[in-house]
Structures are given as structure tokens and as C-alpha cells.
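To start, the structure itself, in C-alpha cells.
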Amino acid sequence: MKAFKKELKAMKKGTEKPKVIEDTFSFADAVQGVKPMEQDKIVPNKKVALEKKKQLAGVKHLKGSKQVAASFSFSDMYQAVLPQEGPMRYCREGVPTHVLKQLRRGDYSPEFLLDLHGMTREMAKTEIASLIYTARKESVDCVSIMHGFGQGVLKNALPHYLIQHPHVNAFHQAPLEYGGQAALLVLLDVPTPEYKR
């Protein structure tokens with residue numbers, strides 16, 4: 001340790017130069033007799049890589065197609081002829097009218113409930129389309145949509161939106177237990193599962 005300190009002091013003073021050991025040993029001498037390694041990389045199959053890319057693209061497209069299927073373009077310009085007296089009701093042509101009585105009495109119980117309180121028209125349209133898509137996918141034929149009272153914007157627009165959708169068979173003002181005048185019970189056209197065909 002003392003010798004090291006002396007060398008350090010001498011270096012600082014610049015009087016004594018550190019001893020340089022010359023290497024006469026080269027790299028070529030160090031690696032003499034070493035065998036080169038064989039290539040161990042695996043080259044990926046390009047066909048498999050392309051197939052994976054196609055599958056991933058298909059999944060992305062499928063997600064996009066689900067969103068397209070769940071969306072439905074409701075028009076604010078369409079104004080259907082609705083009854084002026086009595087509760088709000090509608091029955092699509094070709095659907096027996098006694099389903100309106102069944103909806104009014106509460107014979108159908110909704111499995112899904114959509115609450116539109118606090119939503120704008122655009123948000124409500126998106127939610128209604130998603131509700132109908134999900135209900136049909138889950139084979140649910142009756143849903144309840146609560147529009148509330150408020151200023152009556154959604155209450156007035158909702159029937160016109162529902163009439164435009166091709167999978168809405170009928171709707172009626174909900175019985176008291178499902179929301180009364182602040183909600184509609186909607187009967188949907190649900191596809192028959194394959195195992196029941």
C-alpha cells in the first residue's frame with residue numbers, strides 16, 4: 001500500500017513515469033487452436049409467419065365487424081305515426097296484436113334493462129343499438145328501456161328510433177313494476193338457436 005501511495009505521489013508531481021509493461025502477446029496468439037462455432041440460428045418459416053399475420057388481421061377485422069353489427073344507424077328525421085291517445089305502443093306488421101296486451105299486463109318480463117337517464121340522443125342511439133344486438137345474441141326476447149321523464153326529449157325520440165330497427169317486433173309502455181310511464185317494454189325478433197331448429 002505504501003508503494004502504491006509513493007507511485008501516486010510521483011505521478012502527481014510528474015517526476016517519475018509509471019512503468020509500462022509491453023505486451024508482446026497478441027490476440028491471434030490467444031485464439032490459436034480455437035474451433036469456430038457452428039451456426040445455431042433457426043430460420044423461421046415465412047409461410048407460417050404469413051399465416052399468423054393473416055389470422056391476427058382476421059381477429060382485428062372480426063372485432064370491427066362486431067362493432068359494425070352492434071351499431072345501427074337511427075335517423076332523427078324519421079317520424080312514425082304513433083297513437084296520440086293512451087299509452088305508447090307499437091306492433092310491427094305481421095306480428096299478432098295480442099302481444100301488446102301481453103306486454104301491457106307484464107306477461108313478458110325483461111331480462112335486460114337499459115337506463116338512458118342523463119344521455120344525449122347520440123349516446124342513447126348507440127346504447128339502444130348495442131342493447132338490441134346483445135339481446136338477440138343472448139336470445140333474450142324482451143328488454144326494458146327507461147327513458148325517464150325529464151324534458152321529454154328521449155321519451156319522444158325513443159319510439160321513433162325503435163320503429164326503425166328491423167328486429168323490434170313491438171313495444172308498449174311498461175307496467176308499473178318495470179318503470180311505468182318512464183319506460184318501454186320492447187319485444188324483439190330473436191333468431192331460433194340451431195339446436196331448436
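Miscellaneous remarks
- Where chymotrypsin sites (Phe, Trp or Tyr not before Pro) fall in DSSP loop in segment 69-127, at most 12 other Cβ within 10 Å: Tyr78
- In sequence order, segment 123-132 has phi-based couplings of 5, 4, 4, 5, 5, 5, 4, 5, 4, 5 Hz under the Karplus curve 6.51 cos²θ - 1.76 cosθ + 1.60, θ = phi - 60°, and Gly or Pro positions carry x.
- Gyration tensor (alpha-carbon) shape descriptor, segment 69-191, a/c threshold 1.5: rounded
- Sequence-distant residues sharing a close amide H with Asp115 (under 5 Å, placed H): Met146
- Asp141 accessible area, 1.4 Å probe, all protein chains in place, Å² to nearest 10: 60 Å²
- Carbon plus sulfur fraction of accessible area for segment 108-172, probe 1.4 Å, in percent: 51 percent
- Segment 78-99 and segment 141-197 have Cα centres spaced 12 Å apart.
The values are calculated or read from the model by the stated rules, or taken from the named source; none is laboratory data. Since the model is a prediction, treat every value here as computed from it, not as a measurement. Don't worry about glycine lacking a Cβ; one is built from the backbone with ideal geometry, like all the others, and counts go over all protein chains shown. For accessibility, only protein heavy atoms count, side chains too; no ligands or nucleic acids. Shrake-Rupley method; radii C 1.70, N 1.55, O 1.52, S 1.80 Å.
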